[in-house]
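S.K.: Dumping the structure here so I can ask a few things about it.
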Number of protein chains: 2
Amino acid sequence: MKLYSYWRSTTSLRIRAALNLKGIEYETMTVNLLEGEQNVPSFVRISPTHGVPVLELDDGTTLTQSHAIAEYLDTISPEPPLFPSNPLIRAKVQAAALTIGMEIHPVNNLRILAYLKSELGHSQEQAVEWMRHWMADGFAAFEKLIEDGEFCFGGNISYADICLVGQMVNARRWGLDLTPFARLVAIDERSRAIPEIAAAMPENQPDATN
Amino acid sequence: MKLYSYWRSTTSLRIRAALNLKGIEYETMTVNLLEGEQNVPSFVRISPTHGVPVLELDDGTTLTQSHAIAEYLDTISPEPPLFPSNPLIRAKVQAAALTIGMEIHPVNNLRILAYLKSELGHSQEQAVEWMRHWMADGFAAFEKLIEDGEFCFGGNISYADICLVGQMVNARRWGLDLTPFARLVAIDERSRAIPEIAAAMPENQPDATN
């Protein structure tokens, strides 16, 4: 498989972590978002939203949207499970993961920030304030949607933890005050102690720069 | 089951349509978003994101996030399927649905528009321009992610069509130019001709007002 990815993309991180946990080898195809490579016609053909990650299967089929890719990987390679098989617990894991995936990430996306700055004339400072606002809001909800345990849902890692690890990268990058989110900080640390998750972190990617 | 819903909420529409198609009876619990009922503590306890829909099962368990709820309903009541069972086609349906669910809807959410207006001082006109921009962008991507057929993926309705019907409500409401999206307009019309989908439309809800 090939993964179209950018080191700092936290949606790419989710799929890197999923592939690593499942022991699926893949080749990283760098899409440099800062240099606009997501807008090159050959990439847009496989990613109409101009986004990473895109997973290319060995037969050339391409899949978009991290959440859809994670579910696909969990179906074709069930161990370790990223989503529980019990439908009710599965729905709760999904709801937590989607709270990061829908309520925080898309609102703080690169193209939204670009629009805020170029079309609406806001400063970088206001853009950072915008990001912090939605992260704080979303984390507060996320914390109420998860359950007890070492990880978000008990003793095993799930897709909710993976989404949290990715969002925490952005939270630290943009200086969100994490004091109110002690449990999330602890889960994030425990998750990053897992070698397959550590290997998915931005700084450990072949295309990482400073 | 009880569905916490607001007539104009297009994420509520998705679950009303899913419940109707599957023939599951439910009671509508109105959460008037314009009157701020999503912020009442008793509701926030079951919906930490302050959002509708929330599905309450007969044992009192509550589920949030429309996408997670739709998958849950599809598992406990498989006919007619909203998501195909083939993992690859399923991932494509998911990716299309998530393109509306992630790239359009959360960015145009009520709370985002409120922030644009109150915190960042923009006019209603600029907020409408914002909504149209992300709808046009997202619809263009969505159209490339779906496949041939009467509906988004062949001859049967899927969750991708349901998400499209919901987003089309907002597109018409906010005056998006639909000329470039003739195929989407046709699929939306065909979908709304299905009685279970028609019954899920905003104007047919018990809490609908003008």
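The values are calculated or read from the model by the stated rules, or taken from the named source; none is laboratory data. Predicted model, so just to flag it, every value in this text is computed and none were measured. Here Cβ is always computed from backbone atoms with ideal geometry, including for glycine, and neighbour counts include all displayed protein chains. Ligands, DNA and RNA are excluded from the accessible area calculation, which covers all protein heavy atoms including side chains. Shrake-Rupley method; radii C 1.70, N 1.55, O 1.52, S 1.80 Å.
S.K.: Quick one: Cα centre-to-centre distance for segment B:91-138 and segment B:1-45, in angstrom?
M.R.: Rounded to whole Å, the Cα centres lie 20 Å apart.
S.K.: Mind checking which of B:N39, B:A18, B:G155 is farthest towards the positive end of chain B's charge dipole, using Cβ charges of +1 (Lys, Arg) and -1 (Asp, Glu) about the Cα centre?
M.R.: B:N39
S.K.: Which of rounded, prolate, oblate describes segment B:20-113, given a ≥ b ≥ c as roots of the alpha-carbon gyration tensor eigenvalues and a/c under 1.5 marking rounded, otherwise prolate only if a/b is larger than b/c?
M.R.: Oblate, because a/c is 1.5 or more while a/b does not exceed b/c.
S.K.: Simple spin-label model, 7 Å along Cα-to-Cβ: A:R172 to A:E150 in nm?
M.R.: The modelled label-to-label distance comes out at 2.1 nm.
S.K.: Where does chain A land at 222 nm, in deg cm²/dmol rounded to the nearest 500, when only DSSP H runs of n ≥ 4 count, each adding -39500 (n - 2.57), divided by all residues?
M.R.: Per the formula, -15000 deg cm²/dmol.
S.K.: Apply the Karplus parameterisation 6.51 cos²θ - 1.76 cosθ + 1.60, with θ equal to phi minus 60°, to every residue of segment A:99-105 and state each ³J(HN,Hα) to the nearest whole Hz, in sequence, with x for glycine and proline.
M.R.: Per-residue couplings from phi come out as 5, 6, x, 10, 8, 10, 4 Hz.
S.K.: Under a GNM of chain A (C-alpha, springs under 10 Å), which listed residue has the highest mean-square fluctuation: A:S123, A:S12, A:S66?
M.R.: In this elastic network of chain A, the residue with the biggest mean-square fluctuation among A:S123, A:S12, A:S66 is A:S123.
S.K.: Calculate, for chain B, the solvent-accessible area per residue in square angstrom, rolling a 1.4 angstrom probe over the heavy atoms of the protein chains.
M.R.: Heavy-atom accessible area per residue stands at 40 Å².
S.K.: Amide H neighbours of B:M29 under 5 Å, at least 5 residues apart or on other chains, H built in the peptide plane: list them.
M.R.: Answer set, sorted by chain and number: B:L3, B:Y4, B:S5.
S.K.: Let me ask something else. Straight-line reach only, C-alpha to C-alpha below 14 angstrom: list the aspartates and glutamates that A:K22 could link to, leaving out same-chain residues fewer than 8 apart.
M.R.: Qualifying aspartates and glutamates at Cα under 14 Å: A:E71, A:D74, A:E79, A:E196.
S.K.: While we're looking at this one, here's another question. Got the relative contact order for segment A:87-196 handy, in percent, Cα pairs under 8 Å and 6 or more residues apart?
M.R.: Value for segment A:87-196: 32 percent.
S.K.: How far is B:N204 from the same spot in each other copy, in nm, shortest first, if each label point sits 7 Å from Cα toward Cβ?
M.R.: Going from nearest to farthest copy, the values are 5.2 nm.
S.K.: Taking K and R as +1 and D and E as -1, what net charge do the other residues with C-beta under 14 Å from the C-beta of A:A136 add up to?
M.R.: Combined, the nearby Lys, Arg, Asp and Glu give -2.
S.K.: Could I ask something else about it? Taking all protein chains in place and a 1.4 Å probe, what share, in percent, of the accessible surface of the protein assembly as shown do carbon and sulfur account for?
M.R.: Reported share for carbon and sulfur atoms: 49 percent.
S.K.: Would you look at the GNM of chain A, springs on alpha carbons closer than 10 Å, and say which of A:Q124, A:Q38, A:Q94 moves the most?
M.R.: Result: A:Q124 has the largest fluctuation of those listed.
S.K.: Next question. Say a label goes 7 Å from Cα toward Cβ at B:V128 in every copy; what distances in nm does this one have to the rest, shortest first?
M.R.: Values, ascending and in nm: 3.6.
S.K.: Next up: At 30 angstrom or more along the helix axis (alpha-carbon based) and mean Kyte-Doolittle of -1.0 or higher, what helices does chain B contain? Whole DSSP H runs only. It would help to have the intermediate numbers written out before the result.
M.R.: Values: long enough: B:124-145 (31 Å, -0.46).
Both cut-offs are met by B:124-145.
S.K.: Other chains' Cβ within 10 Å of A:59-72 residues: what's the mean?
M.R.: Averaged over the peptide's residues, the number is 5.
S.K.: Could I ask something else about it? Order A:D74, B:D137, B:D59 by their accessible area, 1.4 angstrom probe, all chains in place, largest first.
M.R.: Of A:D74, B:D137, B:D59, the descending order of accessible area is B:D59, B:D137, A:D74.
S.K.: Distances in nm, one decimal, shortest first, from A:P87 to the same residue in every other copy, taking the label point 7 angstrom along Cα→Cβ.
M.R.: 2.1
S.K.: Rg (Å, one decimal) plus Dmax (Å, integer) for the alpha carbons of the protein assembly as shown?
M.R.: Rg then Dmax for the protein assembly as shown, in Å: 20.1, 56.
S.K.: To continue, here is another question. Percent relative contact order of segment A:2-80, based on C-alpha pairs within less than 8 angstrom and at least six residues apart?
M.R.: It rounds to 37 percent for segment A:2-80.
S.K.: If I model a spin label as a point 7 Å beyond the Cα along the Cα-Cβ vector, how far apart are those points for A:T28 and A:L57 in nm?
M.R.: For A:T28 paired with A:L57, the spin-label model returns 2.5 nm.
S.K.: Moving on. For A:A18, what is the net charge nearby, where nearby means another residue's Cβ is under 14 Å from its Cβ and Lys, Arg count +1, Asp, Glu -1?
M.R.: Result for the local shell: -3.
S.K.: Treating the beta-carbon of each Lys and Arg as +1 and of each Asp and Glu as -1, no other charges, what is the dipole magnitude of the protein assembly as shown about its Cα centre, to the nearest 20 debye? Numbers along the way, then the final one.
M.R.: Working: 34 positive and 52 negative charges, 86 e Å.
Here the protein assembly as shown has a charge dipole of around 420 debye.
S.K.: Follow-up. Tell me the relative contact order for chain A as a rounded percent, counting alpha carbon contacts under 8 Å between residues six or more apart.
M.R.: With pairs under 8 Å counted, the relative contact order is 25 percent.
S.K.: If one takes the accessible area of chain B alone plus chain A alone and subtracts that of the pair, with a 1.4 Å probe, what total in Å², rounded to the nearest 100, results?
M.R.: Counting both chains, the buried surface is close to 4000 Å².
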